[in-house]
Amino acid sequence: MGETVILRMTDMAHGGEALGRFEGQVVFVPYAIPGELVRAEILERRRHFARARLLEVLQPSPHRVEPPCPYFGHCGGCHWQHIKYSAQLEYKAAIVRNQLRRLGGLEDPPVESPLGTIPPWGYRNHAQFTVSQDGFLGFLAAFSHQTVPIARCLILDEDLNDLYSSLDIETAGVRRLSLRAGINTGELMLVLEMEGDEPPELELDFPISVTMLTADGQVAALVGNTYFHEAVLGRRFRVSANSFFQVNTIGAEALVEIVSSYLEPIGGEVLLDAYCGVGTFGLSLAERVGEVIGIESHPAAIADAEANAGELENVTLIEGAVEDVLPELEEQVDLAVLDPPRAGVALQVIETLAAIGPTRIAYVSCDPATLARDVRRLSERDYQLVQVQPLDMFPQTYHIECVALLMRASPPR
């Protein structure tokens, strides 16, 4: 511990750290880049790997750039501002391929070149701030639970930066504070997560909805509504204060287009939208299929989906866990879109889905490792991975979204 070593970085790990080897042991080094020769301090040694702190870059990568953000390296929100954006995309594609080889058992995974976000700044429609011990707002620090006070975030949408800079709030009793925006609608929302049930003192000059989430889970509108609206490819979606929505609106539109092109609906099919959230995928495709069945366990999200379905008469929405609802479906499912949380799809869901036997599955994933695991499980149940399209919805971070197309190799028995 505390030992200084010279390392040649050889690869980029899933998790955003570069890796090298010392005395036969893998060493992970944040803020280093493959190909670089670095001096690092060993901070932690375990049986199969070690972690180190970057002290000096002795031979820099041609992909190294000067991070434009003064908080980079202290704030934990970004991991790769020191890497040229074109190289970020290359590393992300390599990580997806490596996970599909190592965990998915695929020798030559069919991974396309990543689609980037241009420009790779100012894309976030949602930011969550914590409160420091002295009452300032900021982001969690890298590798700790401390708060780094910030004045401006370079990956945050400009309207949200303006809103943040205008906030005049008494932070006593505030546990977290979120800013959300409908990029295509102009609607803004401030969400206050409180330690108790008393709202803070607050002054705002913006037209905005302000919602309070109390410690016991209650949701209250302080100003305006408990939701805002966003539009995706011209379709309007209600999003409640505690409902999930993609943080990159342009990326969300690209996701819908990719899912649509993978499923190739021709009309009349039954589409399963598992983990449907506010209905982004199923409702966007509803007019191109015969029926949509959406399943979502989060009460606020399913309420949003019901509101978003509007006058659509071919949509059925079911509140409940996918693993509980799916075995009870009586309809024959022709197409399926899966958009699970980071933990991926439960084995029980995969087994039931394989028994139902949709001909095409579009799997939307925010974690290449769980995607690879689930692709392997589906391949063991007569599904073939046809194509994977990485989509960089999180520039300057190691996170990567993917859409995978799986097709049934033979009709279900």
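Where a number appears in this text, it was derived from the coordinates with a stated rule and is not lab data. This is a predicted model, so every value here is computed, not measured. With ideal geometry, Cβ positions are generated from the backbone for all residues, glycine too; neighbour counts draw on all protein chains shown.
Amide H to amide H, with H built 1.01 Å from N, residue 294 comes under 5 Å of 273, 316, 317, 318, counting only residues 5 or more places away or on other chains.
Taking 16 Å as the cut-off, the amide N atoms of the range 57-79 that come nearer than this to a point 7 Å along the Cα-to-beta-carbon line of residue 146 belong to 71-77. Here the relative contact order of the chain, from alpha carbon pairs under 8 Å that lie six or more residues apart, stands at 13 percent. Note on residue 198 and residue 53: the extension gain reaches 48.0 nm, defined as 0.36 nm multiplied by sequence separation minus the Cα-Cα distance. Can you give the translational diffusion coefficient of the range 205-257 in µm²/s, computed by Stokes-Einstein from the Kirkwood radius over Cα pairs at 4 °C and 1.567 mPa s? This corresponds to a translational diffusion coefficient of 103 µm²/s.
Across the range 239-255, computed HN-Hα scalar couplings (Karplus, 6.51 cos²θ - 1.76 cosθ + 1.60, θ = phi - 60°) run 10, 6, 4, 10, 9, 7, 8, 3, 7, 10, 5, 4, x, 4, 5, 5, 4 Hz from first to last residue, x flagging Gly and Pro.
Largest GNM mean-square fluctuation across 248, 308, 225, computed for the chain with C-alpha springs under 10 Å, falls on 225.
Across every pair of non-identical alpha carbons in the range 1-143, the mean reciprocal distance, once inverted, gives a Kirkwood radius of 16.9 Å. Over the chain, dividing the summed -39,500 (n - 2.57) contributions of all DSSP H runs of at least 4 residues by the number of residues returns a 222 nm mean residue ellipticity of -6000 deg cm²/dmol. Beta-bridge orientation, the chain: approximately 70 percent antiparallel, per DSSP, counting only bridges with both partners inside. Fully extending the segment from residue 236 to residue 348, taken as 0.36 nm per residue of separation minus the present Cα-Cα distance, adds 37.0 nm.
For residue 66 and residue 26, the difference between the fully extended length at 0.36 nm per residue and the C-alpha to C-alpha distance is 11.7 nm. Relative to the globular-protein estimate of 2.2 N^0.38 Å, the Cα radius of gyration of the range 368-413 stands at 1.38.
Shown here is the pair-distance distribution of the range 247-344: with all Cα-Cα distances grouped in 10 Å bins from zero up to the longest one, the shares run 16, 52, 30, 2 percent.
Roughly how many debye, to the nearest 20, is the charge dipole of the chain about its Cα centre, given +1 on each Lys and Arg Cβ, -1 on each Asp and Glu Cβ, and no other charges?
For the chain, the charge dipole is close to 2040 debye.
Mind giving me the FRET efficiency for residue 221 and residue 162? R0 is 22 Å, r the Cβ-Cβ distance, nearest 0.05 is fine. Show your work: numbers first, answer last.
Details: r = 23 Å, r/R0 = 1.03.
So the FRET efficiency works out to roughly 0.45.
Residue-wise HN-Hα couplings along the range 377-385, as the Karplus relation 6.51 cos²θ - 1.76 cosθ + 1.60 with θ = phi - 60° gives them from phi, are 5, 5, 5, 6, 10, 6, 10, 10, 6 Hz; Gly and Pro carry x. Per-residue 3J(HN,Hα) values for the range 181-190, derived from phi via the Karplus relation 6.51 cos²θ - 1.76 cosθ + 1.60 with θ = phi - 60°, read 9, x, 4, 8, 10, x, 7, 10, 9, 10 Hz in sequence order (x marks Gly and Pro).
For the range 192-284, list log₁₀ I(q)/I(0) at each q in 0.19, 0.20, 0.21 Å⁻¹, using the Debye formula over Cα point scatterers of equal strength and ignoring solvent, two decimals each. Computed log10 I(q)/I(0) values: -0.95, -1.01, -1.06. Please report the spacing between the Cα centers of the range 100-138 and the range 339-355 in Å, no decimals. Here the two parts' Cα centres lie 22 Å apart. With the convex hull constructed from alpha-carbon coordinates only, the range 80-223 shows a mean projected area of 11.6 nm² over all directions. Quick one: plug the Kirkwood hydrodynamic radius of the range 187-231 (C-alpha pairs) into Stokes-Einstein at 20 °C, 1.002 mPa s, and report D in µm²/s. Value of D from the Cα-based Kirkwood radius: 195 µm²/s. Quick one: Debye curve from the alpha-carbon atoms of the range 320-413 only, equal weights, vacuum; give me log10 I(q)/I(0) at q = 0.12, 0.13, 0.19, 0.25 Å⁻¹ to two decimals. These q points yield log10 I(q)/I(0) values of -0.36, -0.43, -0.87, -1.39.
Once backbone amide H atoms are built at 1.01 Å from N, residue 394 has 401 as its partners under 5 Å, excluding neighbours fewer than 5 places away on the same chain. Using the empirical formula 2.2 N^0.38 Å as the baseline, the Cα radius of gyration of the chain reaches a ratio of 1.04. Considering only 68, 250, 233, and ranking their Cα positions along the charge dipole of the chain that arises from unit charges at the beta-carbon of Lys, Arg, Asp and Glu, the one farthest toward the positive end is 68.
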